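The values are calculated or read from the model by the stated rules, or taken from the named source; none is laboratory data. Just so it is clear, the structure is predicted and the values come from calculations on it, not from any experiment. FYI the Cβ positions are ideal-geometry reconstructions off the backbone, even for glycines, and counts take in every protein chain you see. Each accessible area value is taken on the protein alone, full model and side chains, heavy atoms only, with ligands, DNA and RNA left out. Shrake-Rupley method; radii C 1.70, N 1.55, O 1.52, S 1.80 Å.
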Amino acid sequence: GASLLWFFPVDNTQGNGDSVIAELMAGVLGAVETEEYVKQRVPFAWMGAYDVLQKRKATTMKLDQVVEVAREAGLPVLTGNSLEEETKQMLLFFSEIGVWKYHNIEGLSHLLILNPATFFIEPVTKVICDYEIHRIDEHRIAEKKCAREFDALRTSAVLSRNLLAELWQTYENRSELEILMAKHGLFVPLANEPSRSSGSSEGAVQYLVPDILPNVQLDDSSKPDLTCFLVFCPKDWVVGHAKFYDIRRKAFMPIGIFGRMVGKVVSWAQQTDQTELEDISLSKKCCCSYFGSHGFRISLDEAACSIRAEIFVPRAVLVVELLRSLAQDALQGITPNLQVLVAVPSDGGKNQSEGSAEDQVVFLDGDKGLLACQARKKHFQLSAVKRLSVEEAYEQFEGFLPPRGLKDRFDVFLSYRQGGFDTELVGALHQVLSKEVVKGKPVDVFWDRVCLISGNNFKSGFVESLCRSALAVPVVSAAAIERMTTLEPHSKCDNVLLEWLIILHLLESTSAQLRKCIPVMLGEVHKEDSDHPGKLVKSIFSKTADGRVAAVERVPAVVCENVQLEARSLLKKMNMTLSAELGNLTVKDIVNQILQFQGIKAWSHCQPPTSQDSGPVNIHDQRRAIIRQSCTEVLAVLESLPTRQFDEQHIQSTQSLPLLNTADFGTGVAPGGQLSSKVDEDLARRLKGIERREMEADQRLMAAEAKELEVQRRLLEAEAKLQQAERKELDAQKALQSAERMQLELDKKMQALEKKQLDLEILRVELEGKPQESGAG
């Protein structure tokens, strides 16, 4: 029968004799010729070394052997490079264009893989296969020696290192293979817990192998609150709405993407929540798990050519953001040229859409997406014939949109430089802390991704949120500080530096709610941290990988004028003034003052492995330790703060007035006797101030209502003009169709006329020929 294909099949049975194959080959060559790497110039010595290495018949070579080949070819030729450094540059260049595989990371940098297919395929297929069909000698031997572990692999896709040693006992580079399998997402390191399958209490290293998960039906009887779809499509596809028919035509479903996605979900759940594997429901095409207290189910929806995400909470912003991020990460290892879009059924995702061809969806992302329209306060085109106002769109898709308005208070404010491990860490901290309870109240955490209001000035938003927060947690990383090392007096405002300066001001201010600052300090993070058994994070004071002095030591002692100006402007809006002392702080001063707070040294929780058994999984243990320790210390600081009276304190700070005792107003007498005239005058003055503020607020409200009426009037006029334009367009289409019909009739008449002219010409020729024929007779 017919089936859905997620690739373009090509019939090449005729070889080069097929014109389509020849055209395809020409197209591929034409595309390759436009690539930058084809035009890149490389030293002749590199090409000489390349020729020698290509003639080698070995599958792999040790780096020292490659270095010797490079030496004989004439390396190094680039100024300032040692022989080994330039050899690695050459290997990485040819690796990027697909000649061979070389990874300059710990655990793999000593090995060049000359024949990746031979190196990978045979070992991988001994683990990732159908064990009911492909029974080989290694399987039988392993099953006898490690019966429980082999059964766990077949039934639960859990692979132990002990079993892996049996399956790969004939291969020399087992450690390198193991690291590469984890790197490419084929093996997902699990938390270092006692092995349930083997009964061992020693915490043997285990992996999840998503591609061999059992193809069973999970319980899907629970009805989700919201449903959406993760769509993988070209980056140039920018639309606001579409039908599933369009998604099937435009989208791709890369082979293996769902398994990689499941691996990312399992890793995230274990790293942030210490979730055990048995608490996650898994199958080949479905996964049920939690992000904090937010339950969700993802499944491979072949009919919709996408991954279906069902969320079991009424507001899906956090879950969708994390799922999109994990999907994009999974995509990077397979097809980085695609993007991930979130598609929501046009009913707001409140019903379980079947994904039929004509069902309509809207996209959250892109210039035409729902989020962009909400930010610009524009109408949203729901379909070709229906448009929603800003309010209608928000009401219909509220579950997928950030909440409007900031909270009255936040317990924790997360400050960080976006990108890389910093963002990953902050996301994990937000997830874990948000489900905690301190002194009987849930912890409210500010994370800009889910708390800032779309369309508003984000700088004003974060300052207002900082003023409402009790504890600031800035992520002071080498990556965040590195961008500050190039700042000059007239440089553009660095937003992270701006946040840190305002934190220092609010901690000094008596009218602000900010009480403590506990920085999370990170040095350099290993670039491919899941693939090596060393430390995940260096000290922030350590030298960089290329031997430079630490970024914190290279921060300039200059006053960045735009940062100071922006801080004064933002604080002025909050009725605050930046002190002269803080206004003269240099970039170096600000960084040093933030570092002086008693903080969390992430590198102290990154212990290198003590034995070979630790392996690459140790990196994930380190990440979990950093998250766990950070959350523990943050919660301890929150517990130490005075009773949380944020609501009353917020009223005080926003009105810039002391909190009044309502009992005094009820009696008109002070607690100790008669109210003095001075106190009486003071109270009267305060009451007049409050009444004046109320009148001003009423006036602003009336002005806002008048503006709203004016906007509604203009909106009605615009809609009327739009309807008129649509009617004119319809009339024009009808006139065009009528003209086309008339043109068609005219063409028919012209054809008939031409035919008659042709007949007359034939008749004329015949008549002219008859007398000649008679004369000849």
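Quick grid of which residues meet (1) crowded, with 20+ Cβ neighbours inside 10 Å; (2) out of contact with any helix residue (DSSP H, G or I) (no Cβ under 9 Å at 6 or more places or on another chain):
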position: Gln396; (1), (2): yes, yes
position: Asp408; (1), (2): no, no
position: Lys435; (1), (2): no, no
position: Lys439; (1), (2): no, no
position: Ser460; (1), (2): no, no
position: Ala470; (1), (2): yes, no
Practice task
Starting from region 281-301, take each residue that is closer than 20 Å to Leu208 by Cα and assigned to a loop (DSSP other than H, G, I, E, B) and list its partners that are open to solvent by less than 30 Å² (accessible area, probe 1.4 Å) and at pLDDT 90 or above, counting only C-beta distances under 7 angstrom and pairs at least six apart or across chains.
Solution key: Lys284/Leu213; Lys285/Phe258; Lys285/Ser299
Exercise for the section: Considering (1) within 23 Å of Pro189 (Cα to Cα); (2) outside any helix (DSSP H, G or I), say which one Ser222 fails and leave the rest. Expected result: (1)
Handout entry: Contacts under 6 angstrom Cβ, first residue in region 368-380 being in a strand (DSSP E or B), partner buried (at least 17 other Cβ atoms within 10 Å of the Cβ) and modelled with pLDDT of 85 or more, 6 or more apart
Key = Phe380/Leu370; Phe380/Cys373; Phe380/Leu388; Phe380/Ala393
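Please list, ordered by residue number, the helices (runs of 4 or more DSSP H) wholly in region 68-187 having 2 or more residues that are β-branched (Val, Ile, Thr) and under 28 Å from Ile334 (Cβ atoms).
Working: elements: 83-96, 116-125, 137-145, 147-156, 161-167, 174-183.
In region 68-187, 116-125 are the helices (runs of 4 or more DSSP H) which contain 2 or more residues that are β-branched (Val, Ile, Thr) and under 28 Å from Ile334 (Cβ atoms).
Does Thr13 meet the test of being of a type in the set (Val, Ile, Thr), closer than 30 Å to Lys250 by Cα and at pLDDT 80 or above?
Working: of a type in the set (Val, Ile, Thr): yes; closer than 30 Å to Lys250 by Cα: yes; at pLDDT 80 or above: yes.
Yes: the conditions hold for Thr13.
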Practice task
Please enumerate the residues belonging to region 539-574 that are farther than 17 Å from Glu482 by Cα, open to solvent by 80 Å² or more (accessible area, probe 1.4 Å) and in a loop (DSSP other than H, G, I, E, B).
Solution key: none
Completion exercise
Within region 532-568, residues being in contact (Cβ under 8 Å) with a residue 24 or more places away in the chain, basic (Lys, Arg) and out of contact with any helix residue (DSSP H, G or I) (no Cβ under 8 Å at 6 or more places or on another chain) number 1
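Going through Leu425, Leu382, Leu388 one at a time, which residue ends up being within 19 Å of Ile627 (Cα to Cα) and open to solvent by less than 20 Å² (accessible area, probe 1.4 Å)? Please lay out each step first, then the result.
Numbers: Leu382 fails: within 19 Å of Ile627 (Cα to Cα); Leu388 fails: within 19 Å of Ile627 (Cα to Cα).
Of the residues listed, the single one that is within 19 Å of Ile627 (Cα to Cα) and open to solvent by less than 20 Å² (accessible area, probe 1.4 Å) is Leu425.
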Problem - Residues of region 45-99 satisfying the condition of being open to solvent by less than 80 Å² (accessible area, probe 1.4 Å) and among the polar types (S, T, N, Q) - result: Thr59, Thr60, Asn81, Ser82, Thr87, Gln89, Ser95
Practice task
Report yes if Ile594 is touching a residue at least 24 places away in the same chain (Cβ under 8 Å), buried (at least 21 other Cβ atoms within 10 Å of the Cβ) and in contact with a strand residue (DSSP E or B) (Cβ under 9 Å, 6 or more places away or on another chain), otherwise no.
Solution key: yes
Practice task
Please indicate, with yes or no, whether at least one residue in region 143-150 is under 21 Å from Leu164 (Cα atoms), open to solvent by 40 Å² or more (accessible area, probe 1.4 Å), touching a Gly at 6+ places or on another chain (Cβ under 7 Å) and not small (Gly, Ala, Ser).
Solution key: yes
Completion exercise
Of the residues in region 432-454, those that are part of a loop (DSSP other than H, G, I, E, B), at pLDDT below 85 and either hydroxyl-bearing (Ser, Thr, Tyr) or under 18 Å from the mean Cα position of the chain (by Cα) (or both) come to Leu452, Ser454
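What's the total number of residues in region 226-260 that are open to solvent by less than 40 Å² (accessible area, probe 1.4 Å), outside any helix (DSSP H, G or I) and aliphatic (A, V, I, L, M)? I'd like the intermediate steps shown before the answer.
Just the residues of region 226-260 that are open to solvent by less than 40 Å² (accessible area, probe 1.4 Å), to begin with: 226-234, 237, 239-240, 242, 244, 247, 251, 253-254, 256-259.
In the following step, the residues that additionally are outside any helix (DSSP H, G or I) were identified as 226-234, 237, 239-240, 242, 251, 253-254, 256.
Those left that are additionally aliphatic (A, V, I, L, M): 226, 230-231, 239, 242, 251, 253.
Total meeting the criteria: 7.
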Problem - Count - residues of region 120-142 that are closer than 15 Å to Leu186 by Cα and surrounded by 15 or more Cβ atoms within 10 Å (Cβ to Cβ) - result: 7
